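Peer 1: Starting off with a structure, shown below.
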Amino acid sequence: MTSLPTAASVPPRDALARFLAYLETERRASRNTVAAYGYDLESLVEFLTAREITGDVRDVDLYALRGWLGELARTHAPSSVARKVAAVRSFMRWLRRRGVLDRSPAEELLTPKVRRPLPTLMSVDAAAQVMENPNDSPIGRRDCAVLELLYGSGVRVSELAGLSLADVDLGARTVRVVGKGDKERVVPLGSKCLAAFQAYLELRPQLVHPKLHTQDARAVFLSPHGTRLGRRQVNTLVQLHGTLGAGRADLHPHALRHTCATHMLDGGADLRAIQDLLGHAKLSTTQRYTHVSVEQLLRIYDAAHPLARARERG
C-alpha cells in the first residue's frame, strides 16, 4: 500500500507522485488514466509553487483551489476545468483516506456547467458509403477490416490498435479486446466484418518493410512498413475514408463507435446488450444513446413532418 507520513509535512509534489503511484500499482489504472491525472494535477502543483505553497499539502485550502481554477478558467474550456475539479477531488479524497487531511477542501468546489455536445454520427447510408470506399489492395483490405470492426463491433481505437492475431477467432466469429482498466471482453464479428477480416488476412503477409523485409508477427493491423498500426494512423485512415466515401471530413474512430451504438439502439437492441458490447462500466453511459436517438428523431420530424413545416411558415 502506498503510504504517506501523517506527522511530518508532505510537500504537494511528493503527495502527487505517491497518488499517481497508487493509481498505477493499487488501482491498476490504465497508462492513459494515470497520465491524465498527472497532467491535470501538475498544473495545481505549479500554481502552488508559484505562490510558495510547497511545504505541506495540508496548507492547500479552498481559497488556493479557487485561485487555481480561476486562473485556469481564463484559458481553458469549462469541460477542461470540470475534469480538473474531478481530478483534485479524487486526489484529496485519497489524502484524507491516508490520514493526511482531516477534510478535503476540494469537496466545496463547484463544478462548471458543461453542455455535452451530441456525438458525431452517420446515417446508415453514409456508414455504408464509408465501408465501401476502400479498394482491394492490401492497404485497402486492411482499411476495410478496420472500418468494419470500429462500426460493426463498436471497439475503441486503442482496443483495435492493440489487437494481436491470437485475439482473433474467426471460427467463433469473435475478437478479444482489452479495454479501459485492462478489462478484457469478447466482441462478436458480424458477417461483413468477418468477410473483411478474412479478405485482409489473405493479403496481410504482403505488408512488410520494403527494405528490411520485416513484419510484426503478432499485430493484426499493420502499416506499409510491417509495423503495428498506431492510433494516430487509424484516426487518419478513418478521416480519409469518411471524406472520400461520405464527404465527412469530421469522421473519427469514436464517431464510428457512437454510430454503432445508435444504429443498434434504433434497430431494437437492448441497452444491456449494447453496454456489454461497448464495455461500458455504467449503464448510464450507454443510456446517453437514447437521448441521441430522440434528438435524431426530432431533427427528422422538424425536417419532414408537414405540421413542423407549417409552424415554420406561420
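Values quoted throughout were computed directly from the atomic coordinates according to the rules given, and no laboratory measurement underlies them. All values derive from a computational prediction rather than experimental measurement. Virtual Cβ from ideal backbone geometry, glycine too; neighbours counted across all protein chains shown.
Peer 1: Calculate one ³J(HN,Hα) per residue across the range 129-137 by plugging θ = phi - 60° into the Karplus curve 6.51 cos²θ - 1.76 cosθ + 1.60, and present them in order as whole Hz with x for glycine and proline.
Peer 2: Along the range 129-137, the couplings run 5, 5, 5, 8, 6, x, 8, 9, 6 Hz.
Peer 1: What list of ³J(HN,Hα) values in whole Hz, one per residue of the range 204-221 in order, does the Karplus curve 6.51 cos²θ - 1.76 cosθ + 1.60 (θ = phi - 60°) give from phi, with Gly and Pro shown as x?
Peer 2: 4, x, 7, 8, 10, 4, x, 10, 7, 6, 9, 7, 5, 6, 9, 5, 6, 9
Peer 1: Residues of the range 127-163 with backbone nitrogen within less than 17 Å of a virtual label 7 Å along the Cα-to-Cβ line of Gln206, please, listed as ranges.
Peer 2: Flagged as within label range: 134-146.
Peer 1: Let me ask you something else. How do the peptides 86-95, 145-154, 41-50 rank, highest first, by the average count of neighbouring beta carbon atoms within 10 Å per residue?
Peer 2: Peptide ranking by packing, descending: 145-154, 86-95, 41-50.
Peer 1: Another one. Rank Arg141, Arg173, Arg96 by mean-square fluctuation in a GNM of the chain with C-alpha springs under 10 angstrom and give only the top-ranked residue.
Peer 2: It is Arg96.
Peer 1: Using only helices, what value at 222 nm comes out for the chain when you add -39,500 (n - 2.57) per DSSP H run of length 4 or more and divide by the total residues, to the nearest 500 deg cm²/dmol?
Peer 2: Result for the chain: -18000 deg cm²/dmol, rounded to the nearest 500.
Peer 1: Counting only residues 5 or more places away or on other chains, whose amide H sits under 5 Å from the amide H of Arg248 once H atoms are built in the peptide plane?
Peer 2: For Arg248, the qualifying residues are Thr243.
Peer 1: Moving to a separate point now. In terms of modelled amide H atoms, which long-range or inter-chain residues lie less than 5 Å from the amide H of Leu101?
Peer 2: Arg96
Peer 1: Please list, in order along the range 151-165, the HN-Hα scalar couplings obtained from phi with the Karplus expression 6.51 cos²θ - 1.76 cosθ + 1.60 (θ = phi - 60°), rounded to whole Hz, x for Gly and Pro.
Peer 2: Values, residue by residue: 7, x, 10, x, 6, 6, 5, 5, 5, 5, 5, x, 5, 10, 4 Hz.
Peer 1: A follow-up question, please. Cα atoms only, the range 124-304: Rg and Dmax in Å?
Peer 2: For the range 124-304, the Cα-based Rg and Dmax read 16.7, 58 Å.
Peer 1: In terms of Cα to Cα distance under 23 Å, which lysines are near enough to Lys84, apart from those fewer than 8 places away along the same chain?
Peer 2: In chain and number order, the partners are Lys113, Lys180, Lys282.
Peer 1: Can you tell me, using C-alpha contacts under 8 Å and at least 6 residues apart, the relative contact order of the chain as a whole percent?
Peer 2: 14
Peer 1: Per 10 Å bin, what percent of the C-alpha pairs of the chain does each bin hold, from zero upward?
Peer 2: Percent of Cα pairs in each bin: 5, 21, 25, 21, 18, 9, 1, 0.
Peer 1: Mind checking the log10 I(q)/I(0) for the range 12-108 at q = 0.15 Å⁻¹? Debye, one equal scatterer per Cα, no solvent, two decimals.
Peer 2: Cα-only, vacuum Debye calculation for the range 12-108: -0.55.
Peer 1: Whose amide H sits under 5 Å from the amide H of Leu222, counting only residues 5 or more places off or on another chain, with H placed in the peptide plane?
Peer 2: Leu229
Peer 1: While we're looking at this one, here's another question. Name the residue from Ala35, Gly140, Val57 whose Cα lies farthest towards the positive end of the charge dipole of the chain, charges +1 on Cβ of Lys and Arg and -1 on Cβ of Asp and Glu.
Peer 2: Val57
Peer 1: Can you give the FRET efficiency to the nearest 0.05 for Leu165 and Asp125, using r as the Cβ-Cβ distance and R₀ = 25 Å?
Peer 2: After rounding, the FRET efficiency stands at 0.15.
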